[in-house]
Every structure is written in C-alpha cells, then in structure tokens.
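Peer 1: Sharing a structure below in structure tokens format, with a few things to ask.
The values are calculated or read from the model by the stated rules, or taken from the named source; none is laboratory data. Note that the structure is predicted; figures quoted are calculated from it, not measured. Because the Cβ atoms are built from the backbone with ideal geometry, glycine has one as well, and the counts that use them run over all protein chains shown. Accessible surface areas use protein heavy atoms only, side chains included; no ligands, DNA or RNA. Shrake-Rupley method; radii C 1.70, N 1.55, O 1.52, S 1.80 Å.
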Amino acid sequence: MLLKISIQKLRFVLLGILLGVGLVSYGQSLQDIQNLKVDELSDAQIEQLIRRAESSGMNEAQLEAMARERGMPPAEISKLTQRIQMLKSGNVEGTNGRQNQGANQRQVEGNVSDQIDVFDSLRQSDPYYDLSPEQKKIFGFTLFHNKELNFNPNLNLPTPDNYVLGTGDQLLVDVYGASQQSLDLTVSPEGTVFIPDIGPVNVGGATIEAVRSRLKNALQQIYSGLGGASPNTFFQIRVGNIRTIQVTMAGELRVPGSYSMPSFANVFNALYQAGGPNENGSFRNIQVYRDSKLVGEVDIYAFLVEGKQEGNIILQDNDVVIVPPVRTRVELDGPVRRPGIFEIKPGESITDLLSFAGGFKSNAYRELMTVRRTTDQEMRVDNVYNNDFETFAIRDGDFFTVGTILERFENRAQVSGAVFRPGEFAIEDGMSLEALLKMAGGLRGDAFSERVSLYRTNPDFTMEIITLNLGAILSGEGPDIKLQREDILHVPSIYDLKEEYHVQISGEVNRTGVYQFADSMTVGDLIAKAKGFKESATSSNIEIARRIKGNVSGEIAQIINISIDPNLKISEEEKNILLQPFDHVFVRQSTGFQPETVVEVEGEVFYPGEYALEKRDERISDVLNRAGGMNQFAYAKGATLIRRTEFFKTKEEEVLKLEQLESLLENMERDEKVENAESEKELMKRLEERVALLTEERVKNKTGTDGQEMESFSEDRYQFLEGADSSVMEEATRDKELIGIELDKILQQPGSKYDLILQEGDVISIPKELQTVRMRGEVLYPTTARYDEGRSFRNYISRAGGFSESARKSRSYVVYANGDVKRTNRFLFISFFPRLEPGAEIIVPQKPEREPMSVQAWIGMASSLATLVILIDRVRR
C-alpha cells in the first residue's frame, strides 16, 4: 500500500512547480509552466515536488491564484491529479513507482506498518532505487544509501575509557563493600559534579579514565576503605544518560547542516545523518575540525577495502566535519570485479585502482589497458602495459578500459560421433589423429571408419573439410595427419548412414506397434514381444508384408502367409521364414469370434435389465419375449427404441480391458483377517503389472474414447453440418437418438419390417400409460394438459393461451411418445394439424427474424423501379 496522498498535496505540487523545482532532468523551465508535460515526470519527481511544496507554508487560495496567473494548462492539472490518485490506489509500475515510494518513506513520518512492509519488499529488488546511474557508479556512494545498513551509534555498549565527559552527562557512581552508596551526578555547565559531603569535583573535558582517578581521590575523604594496601571499599562509575552534542556538517554533502546526535557518535554516524558525500564530494579526505584545529581525517576507502576506521573518531560538541570537493576521480570499465568511478589520492597508481575495483575477472586481458584522457585542446588515448601499472601517472577524468581475452582456444581439438569419450581435448604441437583418438577412448563398434570428416578452420575463418579413411590410418596402410588448433573430427556411426531397422505388428495381439529388428527374428519372436495373442486371434492365417526393391512392374509388397503354433511353440515352418527389416506382420481375427453385444430393456416389462444378444439378427420381439413381455401397465404406443449415433463415444478395447482388470483386482482382495492364497497373490501381482502397463500406454499414446473409424466418420459429418443452424447442429450431433417403433405391430408380426434388428447399446423403453399432452414453443403459456380423446390440436393450443405473435403456425408439429414426428400439412389456405395421442408433445416454432429494409435499400429499390419505367416508356416509343 502506498503512502496516502491527499488532494491537498496537489496544491503543494503547484507551489513546487511555481518555485521551479524537480524538472532539471527534463530541461524544462518552470518559469514557463504552460509548456509543462506531466507525462514526462517520474513518480519520484512528483514526490519531490510535494515534499518541497509542503515546506512553503502557502495556503490553497494563494496557490490557486498563482497557478492561474502563471498559466498552467487545466489538462495538465487534470493529468497530475490522476497521477496522484494512482499513487493513492497503489497503481504504480516499474522504476518510477519504486522511486516514488522511496521518496515518501524517507520524508513522511508516522507511516503505518503495512506501508513499511511494502517498501521493504520493493527495496529487495533494488536497494538503491533512488540513486541515478551515475551515482551508483561512484565507489562508496551507496554506503550511506543502503537501507539495510544502519550507522546509528550503539548506546548499549560499555562507556569507553576515552569518552570525554561534558555538560549534561549523567554520571552514576556505585560504592560497595564495607560501605554502600549510590550517587547520581550530572555534569553542570561549569564542568563539575557535586558530591554530598565533599563538594564540587571538576570532570568536564576529562576522559572516563581520568575522572575515575579524580573521584577516587575525592571519595577517600569520607570512605577511608577505598585506599591503602588492603582496601575494603570499592566503587565503579558509568555514564547513564549521555548528552546531546551539536555537529556541523559542511561541504559537498547531500544534506549539509547542523545535526544533534548522541555524544557517542563518530564521523561515520554524522556522515550517515547528512546523507553522505554528494557527487562532487571527496570520500578520501574528510576533515574533522575542533576549536578551529584539524583533529582528524577519514578515508572511507580504507573502511570499504580493508575495514579500517583509523580516522573515525568520536565527535565532540561543536565539531565541524567538512567534505571537500574531490580532486582526482577516474573511471574503470571492463571485466573487473567492481567497475565504477574511483577517487585517487596523489601518489596512488593503477595497482591501487585495481585494488579498489576488486581486481581482474577471469576473462580480463591483463597485459594491457587503454586510457582516454583530456588534453588542453582535445582527447587522446594511451596504452598502459602491466609493467607500467605502478609508474603511470593518473590524471583527473581518466577513463580506463580493461579488455577481454580472445574467445578462442589456442590448443583445442574436438571429437564427436562413434567414439567412447566424445568432447574437447588439449593438443600439442605435432600431435597426430591417432593420438587424439586414443584420448577419446578409441572407436566404438558401430564406427564407420572408412569415411570420416575432419573440419578445419582456415586462417581466414573459412571451413575446410578433409575426408579420411580412418581404418587405413589406424592399420598403418595410410598416412596419419597432424592436428591443428580448432580441428573437429567426426566419426559417423554405421546407423547414421542408413534407415533404422524395425518391424511392425498389427491386429489381434496384446500390444501392437513397432519393434526393434534383430537378426534371425521369427514371427513367433515378434508376437512374444507383442505380449502374445488376443483371445480373438487366429494363428493359422498370419500375413507378412515385405518391402520390394527395384521392382518396376507395379508390385508394391510381397505377401507371405504363415501359420504358427497358437501356444507359440517353435515349429519348422516358423523357423524357415525369418523376418527382414521393415516387415509388417498382420494377425487376423478368428472367423468364429464374435464380440459380446448387449442391449437393455427398461420400463413396463416383467424382467427389465441388460440382455446379451444370442445371435447377430436378433430382433425386438425376441428380446421382449426373453424379458417376459409387457405387463398390464405398459403403454405399447409409447414404446421407443433408443439407439447410439455415430457421435456416441464408445470405449476402446484397451479401456474396457483396463476396467475389467481393475475390477478383477479389487474383487481379489479378501477380509483383513484372511490372507490371500499364494496363487491369488501371484495373480494379483500379474494384474497390477498389466494395469500399470495399460495405464502407461494410455498416457503415452493419449488415446481418446472414440475409435479411429468412428472418429473419421464423425469428422465428415461435422464438416457436412458446418454452417448449419445451431439448433440443427445440436440435434444432428447428439450421441443418441429416438427411433419410433410400432410395438403393437411388432408383437403381432414378429420378424416383419416393423421388428427391427437390434445393435450394441440399444435400449427398448416401454413407458406406463400416458395421460397428458405437452405444449411447448411459441405459445402464450407453455403447459401440460390432460389428454382428452375428443379434443383437437387447436383445443390444446387454446389451453396454452393460444399462439404468440412470433408463432409460425403452419410449421407446428407433434412429437409422439414413441418418437415419431408429424408436421402440420397445408392445402391452399387451410391448415391440417396432426392428431394427438397420449404422451404427445406439441411444438410451435418461432418465426425467423427479418431485418427491416433500410432507407438506402428503399431508395435503391425506388431508383431501380424508376429506371425500369423509363426503359419501358422508351421502348414503347
């Protein structure tokens, strides 16, 4: 959550603008604020304007009058208001938002805790978000801007012996031993403390060590046991509430001025309070003056590089800390640990500069660096070699650049391909190809040594390929070759030069697919790798499709028929026919195998449920007889057949097999008190392995629930229906549909055209006697009415309130209980509505929406008619 900024602050922003602050970076003059572009201001600049304006003390009326007088555009005022509102709501982005939050956090007091948390999270990405890129470059500049670093003096430490007491210090004296006494003394403006029964003792300007001796002498006047060879009384002194001192911070500081701070404060504490040196301030020659005398100098670099604080003395009241302008500052760039801008003292060298920068990186070129420097008239570049680093005279403004080493290898050769250890290796002068192969572990068994390639880089960076007979070189029959730097030897594999050998099996096996080819492989071996035959497979009519090469007669493949043992026992016929690469084996389904076909009978029959068909041409009447026929509550005219369409998602054979195995596995588990038999355990183990295998295959192949043939047909249907009305599309792509049947005729004439042959998944639904008629669609009150044989179509429409204004009466139709549909017929101007039966449903469709003709269309039509009239008139003349 950002700092809450009130609209009143906008008024102060106007004052800030009128005062001419915050726009230096954009080069805009606030003397002419009518040209001000708020979009070009960062959030940090807006906050700076707010901060400075709030200190002016002008009221709102004065601000508004001055803003109008200076001509600030109202549109820009509106934009500025929006920016402030964005800051209020927390909708800030990027660096600007971080800068704005940092400015707010530094200036606004009394922030709530949740705001501070937000600032902390923002600082983690860039703790120096409020510094410019140039400021971040200055070595040591970030020291006093690190929000995680606190230079406040620690008041919980024991008082050092060199601490100098002054006016306002609280001195606590504890006497213990033979005598007990506690004294609370305060140093007076005259530099004394008053001890009862003794009087004033001068301690001002003395260190703790000196005061301890003075107080001991004074207390011995009333405590004789404090002195002597065998004292029995002791005392200790400590400083309680320390005084506040006033220190003046002057010179090149970010916030110079007078600061009140604890008397324990040192130079670093004072610098932190003043924001540290600014861009022009020295970090190496900070001076401390006391009573107009120089008492110390501080070099911040000594602290940053070596951790030394030799000049970091404890300040006293009225001390003056001066930060003079920097004298010599240079910049170092390139592969060093800490590139940036550094201050150099007289007598320091490039070696010292590199020390400040943390030294070279591993990829730095250390032999030479370049320096750009100014002369009296122009710029020049000098080369500085490493043996001159100690003696080269550094000037103010020098820009040193360290180069990088070349991205190339002086003694590298690479080996790839069919070797045991491919990679890069170091070579020596005169090293041969055979020696390089030994370092690479030698050739693998699949290496094609008759033709290897040596890629060589020429001096002009062009590529040369040298083709070698590596086998002849290794056997001594051919000359070896001397290696050069950046040579690349590639030894191809014999498998890289030919198509990968494989065989394929399809059909009635448990795991179809492509398998690795092996010499002397038979059909039985491939079927065994495919997890054996399915129950539906035949082993007597297996086909092998073999590729044909070089045949121009039009023959595509050679077909080989083979029979093997159903139990995969080795036979002579099988051993005589070996598979060749790319053979495709087809295992056919047995002619006597028929998959199980299940239908369902529901409703008013004596034995509803699922029934397996006994024969392929079993009909509705046959299954109804097996179901016991209809009971006394059945309504035969309402019977219907529900059949799957081509869009029905049938489960694949693998999915059904997986479900069956999972069910079998679940049913194998016994009661916890009874352990499974050994045979059951073995079966469960096999089942778990097969379930895991099938599950893995499903995930790997991403199989869906539709069969391939059905899916293809469905895609064709979808393409055919593309562009049709949405309601038509929805009806046409349903996965099930109702087929109207006449059950009375089926039972009277079994096997007739009315008695349909059943298919997998068919559902014969026989409802109870129906007594209602439903009215749906474009009627005033869609409802359901009791069926009355004497009522007509219009009577039922009247019971639904009549047709609506958008009803298309001539297209009304009736859906009967058995699924049949009849539409309204029309002869001349007379409509003949369908008759109604129990369970029927009247559907009244809606008239299609027609867009009224536009004015342009009427004008076009009128123009066309006028033109036609004129043409006819001219023709008649």
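Peer 1: Consider A627 against the criteria (1) at pLDDT 90 or above; (2) within 53 Å of the chain's Cα centre (by Cα): it satisfies all of them except one. Which criterion is unmet?
Peer 2: In the conditions (1) at pLDDT 90 or above; (2) within 53 Å of the chain's Cα centre (by Cα), A627 misses (2) alone.
Peer 1: Which numbered condition in (1) aliphatic (A, V, I, L, M); (2) modelled with pLDDT under 90; (3) more than 30 Å from G441 (Cβ to Cβ) is the only one that L497 fails?
Peer 2: Among (1) aliphatic (A, V, I, L, M); (2) modelled with pLDDT under 90; (3) more than 30 Å from G441 (Cβ to Cβ), the lone unmet condition for L497 is (3).
Peer 1: Working only within the stretch 393-424, note down all residues that are out of contact with any Pro (no Cβ under 6 Å at 6 or more places or on another chain) and more than 30 Å from G334 (Cα to Cα).
Peer 2: Q414, A418, V419, F420, R421, P422, G423
Peer 1: Separate question: Filter the stretch 341-361 for residues that are exposed (fewer than 15 other Cβ atoms within 10 Å of the Cβ) and without any contact (Cβ under 8 Å) to a residue 12 or more places away in the chain and give the result.
Peer 2: G347
Peer 1: Sticking with this one: Within the stretch 321-338, track down each residue that is over 19 Å from N280 (Cα atoms) and either in contact with a His (Cβ under 8 Å, 6 or more places away or on another chain) or not acidic (D, E) (or both).
Peer 2: Of everything in the stretch 321-338, those that are over 19 Å from N280 (Cα atoms) and either in contact with a His (Cβ under 8 Å, 6 or more places away or on another chain) or not acidic (D, E) (or both) turn out to be G334, P335, V336, R337, R338.
Peer 1: Name the pairs whose Cβ atoms lie under 9 Å apart, with the first residue in the stretch 231-242 and over 16 Å from S263 (Cβ atoms), the second open to solvent by 80 Å² or more (accessible area, probe 1.4 Å) and in a strand (DSSP E or B), and 6 or more positions between them or separate chains?
Peer 2: If the second residue must be open to solvent by 80 Å² or more (accessible area, probe 1.4 Å) and in a strand (DSSP E or B), the pairs left are T233/Y176; F234/Y176; F235/Y176; Q236/Y176.
Peer 1: Can you tell me how many residues in the stretch 789-843 are under 27 Å from I642 (Cβ atoms), of a type in the set (A, V, I, L, M, F, W, C) and open to solvent by 60 Å² or more (accessible area, probe 1.4 Å)?
Peer 2: Number of matching residues: 1.
Peer 1: Residues of the stretch 229-258 being surrounded by 14 or more Cβ atoms within 10 Å (Cβ to Cβ), charged (D, E, K, R) and under 30 Å from L219 (Cα atoms), which ones?
Peer 2: Within the stretch 229-258, R243 is the sole residue that qualifies.
Peer 1: Of all residues in the stretch 380-415, count the ones that are of a type in the set (A, V, I, L, M, F, W, C) and in contact with a Lys or Arg (Cβ under 6 Å, 6 or more places away or on another chain).
Peer 2: 2
Peer 1: Still on this model: Only one of (1) under 30 Å from K498 (Cα atoms); (2) within 56 Å of the chain's Cα centre (by Cα) fails for K575. Which number is that?
Peer 2: (2)
Peer 1: Next question, about the same structure. Collect the residues in the stretch 408-445 that are touching an Asp or Glu at 6+ places or on another chain (Cβ under 9 Å), open to solvent by less than 70 Å² (accessible area, probe 1.4 Å) and assigned to a loop (DSSP other than H, G, I, E, B), keeping them in residue-number order.
Peer 2: Of everything in the stretch 408-445, those that are touching an Asp or Glu at 6+ places or on another chain (Cβ under 9 Å), open to solvent by less than 70 Å² (accessible area, probe 1.4 Å) and assigned to a loop (DSSP other than H, G, I, E, B) turn out to be N411, A418, I427.
Peer 1: Evaluate the following for I494: is it over 30 Å from F461 (Cβ atoms) and not charged (D, E, K, R)?
Peer 2: Yes; evaluated as a whole, the condition is true for this residue.
Peer 1: Name the residue that is least open to solvent (accessible area, probe 1.4 Å), counting only residues in the stretch 844-858 that are without any contact (Cβ under 8 Å) to a residue 12 or more places away in the chain and polar (S, T, N, Q).
Peer 2: So the residue we want is S854.
Peer 1: Out of R284, R327, R338, which single residue is in contact (Cβ under 8 Å) with a residue 24 or more places away in the chain, part of a loop (DSSP other than H, G, I, E, B) and either surrounded by 17 or more Cβ atoms within 10 Å (Cβ to Cβ) or of a type in the set (V, I, T) (or both)?
Peer 2: Criteria check complete, one pass: R284.
Peer 1: Then there's this: As an exercise: evaluate G707 against (1) over 30 Å from N625 (Cα atoms); (2) modelled with pLDDT of 50 or more; (3) touching a Ser or Thr at 6+ places or on another chain (Cβ under 7 Å) and give the number of the one condition it does not meet.
Peer 2: For G707, the exception is condition (2).
Peer 1: If you take the residues of the stretch 377-407 that are touching an Asp or Glu at 6+ places or on another chain (Cβ under 9 Å) and assigned to a loop (DSSP other than H, G, I, E, B), which of them is nearest to V336 (Cα to Cα)?
Peer 2: Filtering first and then ranking leaves D398.
Peer 1: Does Y272 count as open to solvent by 10 Å² or more (accessible area, probe 1.4 Å) and either closer than 30 Å to I344 by Cβ or of a type in the set (A, V, I, L, M) (or both)?
Peer 2: yes
Peer 1: Report the residue count in the stretch 468-481 for those that are surrounded by 13 or more Cβ atoms within 10 Å (Cβ to Cβ) and either under 51 Å from the mean Cα position of the chain (by Cα) or at positive phi (or both).
Peer 2: 2
Peer 1: What number of residues in the stretch 292-324 are under 21 Å from V247 (Cβ atoms), outside any strand (DSSP E or B) and open to solvent by 40 Å² or more (accessible area, probe 1.4 Å)?
Peer 2: Selection size over the stretch 292-324: 8.
Residues are listed down the side, and each one gets a yes or a no for (1) buried (at least 16 other Cβ atoms within 10 Å of the Cβ); (2) modelled with pLDDT of 90 or more; (3) under 22 Å from D519 (Cβ atoms):
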position	(1), (2), (3)
S563	no, no, no
E610	no, yes, no
E614	no, no, no
G638	yes, no, no
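Peer 1: Return the residues of the stretch 789-829 that are within 20 Å of Q846 (Cα to Cα), of a type in the set (F, W, Y) and assigned to a strand (DSSP E or B); say none if nothing qualifies.
Peer 2: Within the stretch 789-829, F803, Y813 meet the criteria.
Peer 1: It is to be established whether one or more residues within the stretch 522-536 are in contact with an Asp or Glu (Cβ under 8 Å, 6 or more places away or on another chain) and either open to solvent by 80 Å² or more (accessible area, probe 1.4 Å) or among the charged types (D, E, K, R) (or both).
Peer 2: There is at least one residue in the stretch 522-536 that is in contact with an Asp or Glu (Cβ under 8 Å, 6 or more places away or on another chain) and either open to solvent by 80 Å² or more (accessible area, probe 1.4 Å) or among the charged types (D, E, K, R) (or both).
Peer 1: If you don't mind, another one. Considering only residues that are in a loop (DSSP other than H, G, I, E, B) and in contact (Cβ under 8 Å) with a residue 24 or more places away in the chain, which ones fall in the stretch 520-550?
Peer 2: Once the filter is applied, which keeps residues that are in a loop (DSSP other than H, G, I, E, B) and in contact (Cβ under 8 Å) with a residue 24 or more places away in the chain, the stretch 520-550 yields S520, M521, T522, A530, G532, K534, E535, S536.
Peer 1: Within the stretch 486-510, how many residues turn out to be in contact (Cβ under 8 Å) with a residue 40 or more places away in the chain and open to solvent by less than 80 Å² (accessible area, probe 1.4 Å)?
Peer 2: Qualifying residue count, the stretch 486-510: 17.
Peer 1: May I pose another question? Looking at the structure I just gave you, is S506 within 22 Å of L578 (Cβ to Cβ), in a strand (DSSP E or B) and at pLDDT below 90?
Peer 2: For S506, the condition - within 22 Å of L578 (Cβ to Cβ), in a strand (DSSP E or B) and at pLDDT below 90 - is not met.
Peer 1: Let me ask something else. Quick one: V598 ticks every box in (1) within 30 Å of A612 (Cα to Cα); (2) at pLDDT 90 or above; (3) open to solvent by less than 30 Å² (accessible area, probe 1.4 Å); (4) not small (G, A, S) bar one, so which box is it?
Peer 2: Unmet condition: (3).
Peer 1: When both residues are 6+ apart or on different chains and their Cβ atoms are under 8 Å apart, which pairs have a first residue that lies in the stretch 403-425 and is more than 12 Å from G441 (Cα to Cα), and a second that is open to solvent by 30 Å² or more (accessible area, probe 1.4 Å) and among the β-branched types (V, I, T)?
Peer 2: Cβ pairs passing all conditions: G403/T370; A413/I488; Q414/I488.
Peer 1: A further question on this structure: Of all residues in the stretch 574-616, count the ones that are more than 30 Å from E769 (Cα to Cα) and either part of a strand (DSSP E or B) or of a type in the set (D, E) (or both).
Peer 2: Of the residues in the stretch 574-616, 10 are more than 30 Å from E769 (Cα to Cα) and either part of a strand (DSSP E or B) or of a type in the set (D, E) (or both).
Peer 1: Sticking with this one: With the stretch 737-788 as the region, which strands (runs of 3 or more DSSP E) entirely inside it contain at least 2 residues that are open to solvent by 60 Å² or more (accessible area, probe 1.4 Å), touching a helix residue (DSSP H, G or I) at 6+ places or on another chain (Cβ under 6 Å) and more than 22 Å from R835 (Cβ to Cβ)?
Peer 2: none
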